[in-house]
Amino acid sequence: MSQFAQVLLSGLSTGSIYALAAIGFTLIWQAAQTVNFAQGEFVMLPAFFVLVAINFLGMPLWLALLFGLLMAVLVLGLLFKKLIVEPMLPKTGLPLIIATMALSILLKESVKEFYGAEAQPFPDILPQQTMNLAGAVISVQDILNLVISITAVVALTLFLNRTITGRSMQATAQNPAVATILGIDTKRMVLYTFLINAGLAALASFLISPLYLAKFSNGETLGVVAFIAAIVGGFNQIRGAIAGGLLIGVLDNLTATYITAEYRAALPLVLLILIILWRPQGLLGTDEGRQV
Amino acid sequence: MKRRMIAKALAAATLLGMAPVGAALAQETVKVPCVCELSGAGAVSGSNYRDGAKLALEEINGAGGILGRKIEMSEYDTQTDPQTSRALVQKAIDEGAYAIMGTVYSGSTIVNMLVSKQNGVPQITGSEAPNITQQGNPYIFRTSSSAAKGVPSLTAYFKEQLAVKKIAVTWVNNEFGKGGHDVFIKEMAAAGIDVVSDVPSEQGQADFAADVSKIRESGAEAAFVYLNEEESARFLKEARKQGLDIPLVGEVTLTGQKVIDLAGAAANGAYAHVGLTTGANVASIKEFAGKFQSKYGRDTDHNGIKGYIGIYAIKYVTELIGSFDREAMAKKMHGLTLDVAKHPGMLLTTSWDDTGEMARESFMTEVQNGKQVVIGTVPAK
């Protein structure tokens with residue numbers, strides 16, 4: 001039982017970080033009707049901004065994290081939107097998707113060129129202690145990862161549902177033409193969406209890198225898992241991305257512990273196939289009608 | 001018209017005059033390419049191997065080269081992909097390699113060494129999977145002991161020092177890991193130690209939560225950790241996160257400098273048997289470690305030493321045979337012992353048997369305060 005509790009918590013902790021990345025897919029989908037295949041690299045890159053701040057600019061950890069967050073928002077939010085999405089937005093669909101694939105390769109290779117192919121140590125930002133709870137050894141880091149991720153998601157949901165800006169962003173996502181008629185600055189709302197996505201990606205990066213280490217190729221796995229999480233949960237719903245992320249995190253750990261470690265990597269793909277067959281819009285997603 | 005003819009004549013004379021010079025320059029070098037893992041999962045190992053080899057190359061070239069010819073080392077990045085490594089070994093041979101340095105990852109070596117064998121080119125590998133020297137390939141030579149030699153060195157440690165009855169093993173599911181795992185299982189059976197948890201993991205695996213949890217719940221009194229560098233670091237961090245407080249013992253990688261750098265405080269208290277370590281209290285190795293640090297501004301692990309002695313082995317054996325004869329070099333190395341007193345570049349007295357397997361003194365190490373410390377010496381077998 002104690003092992004189950006530990007594995008469950010660990011899965012929720014990792015899953016909540018996957019959820020942060022998966023929400024990015026949902027946000028970008030709603031804002032630009034495209035799939036950002038560089039989302040994994042969006043999670044990989046902020047860790048390197050932090051390492052640059054610490055190792056090259058001599059900043060203390062807290063300032064380096066702030067620097068990493070700001071750089072992420074600037075590069076992965078503002079510049080991504082202005083330099084890649086905006087020029088290609090009129091041609092939504094395949095060209096933009098291919099552009100994000102190219103961006104993924106560019107980011108990965110740039111980090112490899114600049115910082116090297118080897119994994120880099122990333123400083124622990126959370127306490128490393130363990131707690132004994134009813135016979136189960138619980139990691140404080142796991143609990144805090146979960147709490148921070150869930151807090152970020154709840155804050156995002158409240159922002160989107162309870163503020164005028166948030167509602168304007170939702171209106172823009174649902175029907176940009178009507179939103180413009182209603183006087184909403186849709187361009188600005190779309191920009192906010194990209195900035196929030198970059199911020200969430202940076203948070204995911206800071207939480208996962210102490211354990212996974214900072215490496216140029218980290219985005220490959222994270223991107224695929226987050227993409228699958230978004231589809232499993234429901235690509236057009238934030239709550240779906242959360243559910244998908246948590247589900248994959250927990251199932252991955254439970255499978256590796258109780259069934260087989262050899263096939264753990266295949267599990268998300270099996271889950272993806274089953275969910276698509278049973279419920280194509282995802283567990284919590286909604287049908288989107290499209291005209292041909 | 002006259003001017004043009006004079007210019008042509010001058011140009012022709014210059015070209016003719018340069019031709020022997022060019023030929024002489026080409027003759028002055030011997031090609032020893034490094035086919036290594038410079039990116040991908042094996043980048044840590046391959047880069048250190050390459051850098052160690054480059055250090056030796058500069059020393060040898062600075063002292064006049066091998067039999068008067070300078071060593072020329074091209075770098076070929078396998079991206080830690082066996083098929084790529086095979087193609088690159090062929091490319092290196094096509095470009096005139098006298099001997100091949102690399103690869104380090106066993107999964108690549110087991111594939112690409114067939115190319116060296118077919119072409120009769122000696123290959124100095126950093127790989128440790130036992131089956132590499134069990135294929136009857138007369139051109140493959142190690143620069144460190146295989147798992148078949150290294151892992152048994154730990155049996156006495158588990159049985160006598162730690163006095164464990166139940167043990168867990170976590171291993172990376174590639175050629176390197178499978179080799180070490182199989183030897184370990186046999187050794188434990190022979191020693192009467194019960195393997196209560198057997199946990200494979202994938203190369204490049206990032207999440208070790210389930211692996212650590214399984215080991216913790218198994219009731220094992222110690223765990224044998226047989227993973228590559230990055231995975232070792234991730235495992236150690238997860239073990240610390242989950243409060244796994246049994247001795248973690250590895251073979252070669254677990255206490256390596258890169259693992260210590262990556263795992264930080266989580267590496268403290270880890271043990272490993274290592275064939276080579278810059279922490280050894282041996283003057284020649286200390287001198288090498290100082291030179292590496294001064295050239296690259298960082299410490300190296302055993303792979304840096306492997307690359308270094310690999311190049312020196314090529315030099316010494318070539319000088320012993322007196323020519324750049326690939327077949328003669330391979331034949332000479334079988335059953336050869338290079339005494340460190342006469343061959344200081346080997347750092348320790350080193351022998352190869354008829355299969356290319358290597359024997360040399362080795363060490364038990366522990367990570368103390370973020371440093372690999374030698375806690376014992378294991379004699380050559």
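The values are calculated or read from the model by the stated rules, or taken from the named source; none is laboratory data. Small disclaimer: the values here were computed from a predicted structure and weren't measured. Cβ coordinates were reconstructed from backbone atoms using ideal geometry, including for glycine residues, and neighbour counts include every protein chain displayed.
Observations
- Residue in segment A:268-275 that is more than 9 Å from chain B (Cβ to nearest Cβ), free of Cβ contacts under 8 Å to residues at least 60 places away in the same chain and closer than 28 Å to B:Leu236 by Cβ present: yes
- Of the helices (runs of 4 or more DSSP H) lying entirely inside segment B:257-338, those carrying at least 1 residues that are more than 30 Å from B:Ala223 (Cα to Cα) and polar (S, T, N, Q) are B:283-296, B:302-321.
- Subset of segment A:87-128 [at pLDDT below 85 and within 9 Å of chain B (Cβ to nearest Cβ)]: A:Gly116, A:Ala117, A:Glu118, A:Gln128
- If you go through segment B:102-122 and pick out every residue that is part of a helix (DSSP H, G or I) and either polar (S, T, N, Q) or in contact with a Ser or Thr (Cβ under 6 Å, 6 or more places away or on another chain) (or both), you end up with 7.
- Of all residues in segment A:243-266 being closer than 13 Å to B:Pro200 by Cα and more than 7 Å from chain B (Cβ to nearest Cβ), the one that is modelled with the highest pLDDT: A:Ile259
Here is a yes/no grid of residues against (1) touching a Phe, Trp or Tyr at 6+ places or on another chain (Cβ under 8 Å); (2) aromatic (Phe, Trp, Tyr):
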{"site": "A:Gly58", "(1), (2)": "no, no"}
{"site": "A:Leu94", "(1), (2)": "no, no"}
{"site": "A:Leu103", "(1), (2)": "yes, no"}
{"site": "A:Tyr115", "(1), (2)": "yes, yes"}
{"site": "A:Ile150", "(1), (2)": "no, no"}
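- Scanning segment A:129-137 for residues that are touching a strand residue (DSSP E or B) at 6+ places or on another chain (Cβ under 7 Å) and in a loop (DSSP other than H, G, I, E, B) turns up nothing.
- When we screen B:Lys186, B:Lys237 for residues that are closer than 22 Å to B:Gly269 by Cα and not assigned by TED's automatic domain parsing to the domain that holds B:Ser106, the only hit is B:Lys237.
- Verdict on A:Phe56 being of a type in the set (Phe, Trp, Tyr) and surrounded by fewer than 23 Cβ atoms within 10 Å (Cβ to Cβ): yes
- Residue among B:Gly126, B:Gly120 that alone is under 22 Å from B:Thr355 (Cα atoms), assigned by TED's automatic domain parsing to the domain that holds B:Ser39 and surrounded by fewer than 24 Cβ atoms within 10 Å (Cβ to Cβ): B:Gly120
- Pick from segment A:1-41, criterion within 11 Å of chain B (Cβ to nearest Cβ) and surrounded by fewer than 21 Cβ atoms within 10 Å (Cβ to Cβ), ranking: modelled with the lowest pLDDT: A:Met1
- Check on B:Thr337, of a type in the set (Ser, Thr, Tyr), surrounded by fewer than 16 Cβ atoms within 10 Å (Cβ to Cβ) and touching a strand residue (DSSP E or B) at 6+ places or on another chain (Cβ under 7 Å): yes
- Any hit, segment B:57-68, residues being of a type in the set (D, E, K, R) and in a loop (DSSP other than H, G, I, E, B): no
- Whenever a residue of segment A:156-168 is of a type in the set (Gly, Ala, Ser), its partners that are surrounded by 15 or more Cβ atoms within 10 Å (Cβ to Cβ), lying with C-beta atoms within less than 8 angstrom and at least six residues away or across chains, give the pairs A:Gly166/A:Phe159; A:Gly166/A:Leu160; A:Ser168/A:Ala179; A:Ser168/A:Ile184; A:Ser168/A:Met189.
- Checklist (1) within 30 Å of B:Arg216 (Cα to Cα); (2) within 14 Å of chain B (Cβ to nearest Cβ) applied to A:Ala47, failing item: (1)
- Between B:Ser323, B:Ser294, B:Ser284, the distinction of being among the polar types (S, T, N, Q) and under 24 Å from B:Gly150 (Cβ atoms) belongs to B:Ser284 only.
- B:Glu366 more than 16 Å from B:Gly52 (Cα to Cα) and assigned to a helix (DSSP H, G or I): no
- Against the conditions (1) over 17 Å from the mean Cα position of the chain (by Cα); (2) within 20 Å of A:Tyr192 (Cβ to Cβ); (3) aliphatic (A, V, I, L, M), A:Val75 satisfies every one except (1).
- Segment B:210-245, residues that are among the aliphatic types (A, V, I, L, M), within 19 Å of B:Val259 (Cβ to Cβ) and at the interface with chain A (Cβ under 7 Å from one of its Cβ atoms): B:Ala233
- Residue within segment B:171-180 that is in a strand (DSSP E or B), under 18 Å from B:Val252 (Cβ atoms) and β-branched (Val, Ile, Thr) present: yes
- Test: B:Thr253 is touching a His at 6+ places or on another chain (Cβ under 9 Å), within 14 Å of another protein chain (Cβ to nearest Cβ) and touching a residue at least 12 places away in the same chain (Cβ under 8 Å): yes
- Residue count for segment A:70-126, restricted to those that are touching a Ser or Thr at 6+ places or on another chain (Cβ under 7 Å), buried (at least 18 other Cβ atoms within 10 Å of the Cβ) and not in a helix (DSSP H, G or I): 3
- A:Ile196 satisfies every condition listed in (1) at pLDDT 95 or above; (2) within 14 Å of chain B (Cβ to nearest Cβ) except (2).
- In segment B:181-209, residue nearest to the other protein chains (Cβ to nearest Cβ) [restricted to those that are in a helix (DSSP H, G or I) and acidic (Asp, Glu)]: B:Asp182
- Failed item, numbered, when A:Phe216 is tested on (1) over 30 Å from A:Ile276 (Cβ atoms); (2) away from every other protein chain (no Cβ under 14 Å); (3) of a type in the set (Phe, Trp, Tyr); (4) crowded, with 19+ Cβ neighbours inside 10 Å: (2)
- Residue within segment A:71-86 that is among the charged types (D, E, K, R) and free of Cβ contacts under 8 Å to residues at least 12 places away in the same chain present: yes
- Note on segment A:130-157: residues that are within 19 Å of A:Ala19 (Cβ to Cβ) and more than 18 Å from the chain's Cα centre (by Cα) total 3.
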